[in-house]
Amino acid sequence: LCRGGLAERLCRLQNRERSAISFWRHQCISDDKIPSDKSGILIVKILEIFEECTIQVAICQQLEQSPVTLSPEDAVINAEEPILKVLFTRETAAHLKSRPQDVIHIYPPWQKLLLQNADVPVIMNTYFSQKVLLSEHSEAREKTYGLTKMLIRKNIISLAQTFRLDDLDDKLHQESSDNQVACAPQIHNNDDSKQHPLALSAVNDSLLEMVESQGAVGWREVQVRVVIQRVYCLPAREWCRSHTQGNKPLCATPVMNSDPPNVRLCLLVQDAYGMFSEVQLQSLSSTDDVEQYCRRWEGKSCCLAGMKILQRTTRGRALGLFSLIDSLWPPVVPLKVPGQSQDSEMMTTNLPPPSFCYILTVQSGEIHVEVDEEEQISNLYQPPAVHGLKEILRIDGCNERCSFWAQVLYQRLQTKHNVPIDQRDILLFVTDSTLQNVVHGIPKVVAVSVTASCVLSMQIREALSAGSRLVFFKDALWGNGRIICVERTVLLLQKPLLCLAAGADLSELTGPVRLDELDSTTQANSVCALRGTVVGVNESTAFSWPTCDRCGNGKLELCPQDRELLYCNQCSEVVTTPVLKMQLEVFLSCPSRSQSTVKVKVWQRPALFVLLTMLLFLQTYEVQSVLGKEVGLLNCYVHSVTSQSNCVALEEIVLL
């Protein structure tokens, strides 16, 4: 807050006000008596209670003096005594726990407000209020009622009605009983009790109205109708990190690497007025479930109930969330306009994107989400705009969400010191037909960085380990020349049902995959094709080691019984015919980088290793026998490109 500004002064005033109220209540409890000073005390008896815009409104009858010996039920009230409308804040109402027939003492400085065209005065500033228990009968009644929660009727008043933005024809409709939710105890017959619990509550279509009318505590009696735009998972650590107040998290310390995985199913929903909200549902037993939820729920309308607000977040605090919201903006159909008739709609052009979003979560024991899976896809739904990789690489913007269908050629776990393996980023090298058919100017293979916050299903992990697969990347992030899979990015093995509507080229590759050859534009952490002539072998770093011919274990030991044999601890067997593995570093002279030193690390399986070891074995390990031999094309991963020493370090790889 700006020093000396209005906001800072208001904050100090509110803090002093809260302190004064707390001190006054503490004094009343310590004295265990009603304050002795009776001057200016307003004594009222509650006749009716309801809630409006988070304020508790009590219709009361003013008493000249509080009955001394009679209970509130037996107190005789003069019909001529004035009727008052007393306003209590949510905090004051929670402290009083008032019910009809209760007697309340309101201490100064309360204020009376006289409204035009209204006969009932309004009493405000009722922070210093105390409920009076007048007899043992009342105390027993209070103890009995204290065990049950009082259900308060809530009047849902739309913002449009509050600011008089409604059409004349809609005023009566807005004030009808359809917009009121009765929460008082009701008696239903047996048939009513069998109905769905949500069928008895009102349905709203505005998230903002629900938040304004129901508050942050929770929506227990009403529900709001929204459209599911996206379904995804968030890891527990991301959910905890992104919802904190200051330095204090709103949830307990997350359980890392739990089994089943500790991930939470989330929905990005949008209402008829264009407002977005992220709904965090239950934890999933398996990450594979997200694919079926995407297929069943995305684009469908649903009703939310039993929600509570975790946080009101803004663009500056949740860049990842708002990059996804921006990809769904502007809407494809006209939106409803607050304060106008239900048929009135506004155009979608030149609409400012949302600047805030409510993070909602479910309340335990409540009915949360009711999705009508039989309903057709909503017109408000925007499927992922699927593009070819060539088109994505030409996007000028930053932090743009993109979706594409690509073939994964190679995966590599990025090495980071002091970072657990399960929290490291994964590099996926992918291509598609739009890149393979390009002649110049655009790489034939691009790297996609999958961060640890992107939840991968076991199906995706197994498919990538098994071999080259076509994978659909939904809502990846493009910016600064990189494609990144972050939180709220989903990887799928099946084509989305509506992806063809975007007009993307999803034709599969027909011929062999080609990589870009090593040249002056090749960068580190990329893949390339390499051809050249062997000019040297680094004998100081070359080594070989025996492995088990059954399990491939490379840590063999000498057999305790026979020191001339090798023993495998994993198989618990003697290894009689070990498989020899070797590592070599070879220096090549490449025409495409004639001024650079090209160093290639080769292992046992790649083609260059087979060629060199064959020649070395035939020439009894004479290095001179391999010098001058031409090799290529080799598939390599680029470890580093050093401009000072003009050296390129590569590693020969096998594509999936």
Answer with yes or no whether residue 326 is in contact with a helix residue (DSSP H, G or I) (Cβ under 8 Å, 6 or more places away or on another chain), at pLDDT 90 or above and in the same structural domain as residue 224 (by the TED database). no
Within segment 519-556, work out how many residues are open to solvent by 70 Å² or more (accessible area, probe 1.4 Å) and in contact (Cβ under 8 Å) with a residue 40 or more places away in the chain. 7
Considering only segment 470-491, I want to know if a residue exists there that is part of a helix (DSSP H, G or I) and modelled with pLDDT under 90. no
From the residues in segment 3-42 that are closer than 30 Å to residue 82 by Cβ and modelled with pLDDT of 85 or more, which one is nearest to the chain's Cα centre (by Cα)? 17
Scope segment 315-332; condition more than 18 Å from residue 474 (Cβ to Cβ) and open to solvent by less than 10 Å² (accessible area, probe 1.4 Å); matching residues: 331
Might you check whether a residue that is open to solvent by 20 Å² or more (accessible area, probe 1.4 Å) and not hydrophobic (A, V, I, L, M, F, W, C) occurs anywhere in segment 426-433? no
If residue 85 passes every condition in (1) loosely packed, with under 13 Cβ neighbours inside 10 Å; (2) modelled with pLDDT of 85 or more; (3) of a type in the set (D, E, K, R) but one, which one does it miss? (1)
For segment 299-311, which positions are open to solvent by 20 Å² or more (accessible area, probe 1.4 Å) and modelled with pLDDT of 90 or more? 300
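Quick grid of which residues meet (1) at pLDDT below 90; (2) within 23 Å of residue 157 (Cα to Cα):
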| site | (1), (2) |
| --- | --- |
| 44 | no, no |
| 57 | no, yes |
| 68 | yes, no |
| 104 | no, no |
| 123 | no, yes |
Give the residue that is most open to solvent (accessible area, probe 1.4 Å), with candidates limited to residues of segment 275-298 that are modelled with pLDDT under 90 and in a loop (DSSP other than H, G, I, E, B). 285
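The rows are residues; the columns are (1) at pLDDT 90 or above; (2) more than 23 Å from the chain's Cα centre (by Cα); (3) crowded, with 18+ Cβ neighbours inside 10 Å.
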position: 371; (1), (2), (3): no, no, no
position: 374; (1), (2), (3): no, yes, no
position: 385; (1), (2), (3): no, no, no
position: 395; (1), (2), (3): no, yes, no
position: 399; (1), (2), (3): no, no, no
position: 411; (1), (2), (3): yes, yes, no
position: 415; (1), (2), (3): no, yes, no
position: 419; (1), (2), (3): no, yes, no
If you take the residues of segment 578-604 that are touching a residue at least 24 places away in the same chain (Cβ under 8 Å) and more than 16 Å from residue 535 (Cβ to Cβ), which of them is farthest from the chain's Cα centre (by Cα)? 578
Given the condition part of a loop (DSSP other than H, G, I, E, B), hydrophobic (A, V, I, L, M, F, W, C), outside the structural domain of residue 481 (by the TED database) and touching a Phe, Trp or Tyr at 6+ places or on another chain (Cβ under 7 Å), answer yes or no: does some residue in segment 514-527 qualify? no
Quick check: anything in segment 555-573 touching a strand residue (DSSP E or B) at 6+ places or on another chain (Cβ under 9 Å) and under 30 Å from residue 632 (Cβ atoms)? no
Counted residues, segment 582-625 - those being open to solvent by 70 Å² or more (accessible area, probe 1.4 Å) and at pLDDT 65 or above: 5
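The values are calculated or read from the model by the stated rules, or taken from the named source; none is laboratory data. Remember, it's a predicted structure, so these values are computed and weren't measured experimentally. Note: ideal-geometry Cβ built from the backbone for every residue, glycine included; neighbour counts use all protein chains shown. Accessible surface is based on the protein model in full, side chains and every heavy atom, while ligands, DNA and RNA are left aside. Shrake-Rupley method; radii C 1.70, N 1.55, O 1.52, S 1.80 Å.
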